[in-house]
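Below: one structure, written as structure tokens.
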Amino acid sequence: MFTDIFLRFFPEQGKMIKKHVLGLSARLLFFIIPVISGSLIISGSVTGLYADRGVKKVMVRLIEYKAEDLIRHSSSQWNLLLENNLQNDPAYMESFENSIRSYSLTMLQEEGEWILAVDEDNSIVFSVGSSASDDSILESAGENAPGETGDIWIDGNFGGESRLGYGFFLPALGWTVYITELRQTFYADLYFIRWNYIIMVLLTAIISSFFIYYYIHRSLSPLKTVISDMQNIVQNRNFGKRVIPVQNDEVGELAREFNLMSDYLDRAMTRLKNIARSEIEMRIEIRNRERETLEVLSKVSDHKDPETARHTSRVGMYASLLSELRGDSTEESDLMRWSVPLHDIGKVGIPDAILLKNGALNKTERLTMEKHVIIGNEVLKDSASPILRAGADIAISHHERWDGSGYPGGLKGRDIPVRGRITGIVDVFDALTTARPYKEAWSLKRAVEYIRERSGTEFDPELVELLFANLERVEAILIEYGDE
Ligand SMILES: [Fe+2]
Ligand SMILES: [Fe+2]
């Protein structure tokens, strides 16, 4: 959703970000590793907290146990004195006190432990395991005295040091005994365990991250191979090629589905190619038939004409050449090739008496003869074929003259359609250069001269010059398609 909003406002930047967006493996890593590490740390911390509390409890219990042990020892000793009625014997009492001191000494296990006994006057009876000054000891002991009412748990400044411990009253001697330990020593094991634990959790997180990375990378590598194969196929449009399913899992399934799709596309493309090929073949066939029909039509117009059979084909070729020379498109010059031969098709509507008359036509006959341009146009103009419609234009305009003295419209200069202007030139040129019942074939030179003389009056001067500037090509057509 955020991406959509961002893309709407910043489409360009959005595309750039999308392009550089994290890959699937990176996204999995960024998701899984924090989740695993977080879970490890949370579960570890909770377990660690309980372990911490457990260890602390054990250690407190240990101090209490020492206190109980000392109480038990002194009680048994004191009971022994009472049984033998020696409680008032100073020598036995001294030895009793000494035994408690020595017993206390044996209880010291680690550096920082301290057992202190003070009498009812708050004077030190004995102090084992510490070198704290008397003043600070007494002050602390006074502040922490449990009295006869009960025991006391010490946590804080004791003898000028931060200590934890237990204070209790020994009624037999009227002593208060303190068994304490330096806070630092007391917590040393706990700290050790705690640090060890933190290191273990971090190491586990790092090692598991590494394995997760390795596993994801390995799991995704077949996918990358499949994607790369797919890209190759799509880029080269080579749908005949197949992606090799590396594994028999979802990735393999993807590859197989892609192959099925490629198969389908391959078949569809082959089918399309075949259709396109037959379409082209069909078009060629239609075009060939159309041309054949046009040839037949042209021959019909030639049939009664004194002009020779090849006249219509040649004028088509000359016109096509001139169209090409003036820079028309291939389509246009091709159109000229097939439409110009139809220029005199209207002659089929002219009575034979006039069409085949030997000698000059009178005015009425000439006017009737001139109607062939109108008839030709009428016959062709409504055709669906572009060639026939072009033939209609040519039929009506091929007897117009550059100076406006032609027929039927008396059009002048560029008002005459260019197809008509072209046909006007090549029609006369071909009539001159080939033999007719009433004349010999003129030489090329003579024909060129004849047309040049009428350039600018009868013919478009630019087209005349363009044609004669390429006389060798004109001659090539004449030689190849000339009458036998
Ligand atoms: Fe004509
Ligand atoms: Fe002609």
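Here are the numbers for this structure:
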{"quantity": "Sequence-distant residues sharing a close amide H with Trp175 (under 5 Å, placed H)", "calculated": "Leu170"}
{"quantity": "Packing rank of 389-399, 230-240, 354-364, where each peptide gets the mean count of other beta carbons within 10 Å, highest leading", "calculated": "389-399, 230-240, 354-364"}
{"quantity": "Segment Gln247-Trp195, length gained on full extension (0.36 nm per residue, minus Cα span)", "calculated": "14.3 nm"}
{"quantity": "Theoretical gain in end-to-end length, Leu82 to Ala469 [0.36 nm per residue, Cα-Cα removed]", "calculated": "123.9 nm"}
{"quantity": "Convex hull volume per residue in cubic angstrom - Cα atoms of the chain", "calculated": "306"}
{"quantity": "Structure-based [θ]222 nm, the chain - -39500 (n - 2.57) summed over DSSP H runs of at least 4, per residue, nearest 500", "calculated": "-22000 deg cm²/dmol"}
{"quantity": "Rounded accessible area per residue of the chain, 1.4 Å, Å²", "calculated": "60"}
{"quantity": "Percent accessible area from carbon and sulfur atoms, the stretch 155-284, protein chains only, probe 1.4 Å", "calculated": "62"}
{"quantity": "Amide hydrogen neighbours beyond the local backbone of Arg401, cut-off 5 Å, H modeled", "calculated": "Gly406, Tyr407, Leu411"}
{"quantity": "J(HN,Hα) series, the stretch 135-140, from Karplus relation 6.51 cos²θ - 1.76 cosθ + 1.60, nearest Hz, glycine and proline x", "calculated": "4, 5, 5, 5, 4, 4"}
{"quantity": "For the stretch 304-481: span of alpha carbons on each principal axis (Å, largest first)", "calculated": "40, 40, 31"}
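The values are calculated or read from the model by the stated rules, or taken from the named source; none is laboratory data. Bear in mind the structure is a predicted one, so any value in this text is a computation, not a measurement. Backbone-built Cβ (ideal geometry, glycine too); neighbour counts: all protein chains shown. Only protein heavy atoms, including side chains, enter the accessible area calculation; ligands, DNA and RNA are left aside. Shrake-Rupley method; radii C 1.70, N 1.55, O 1.52, S 1.80 Å.
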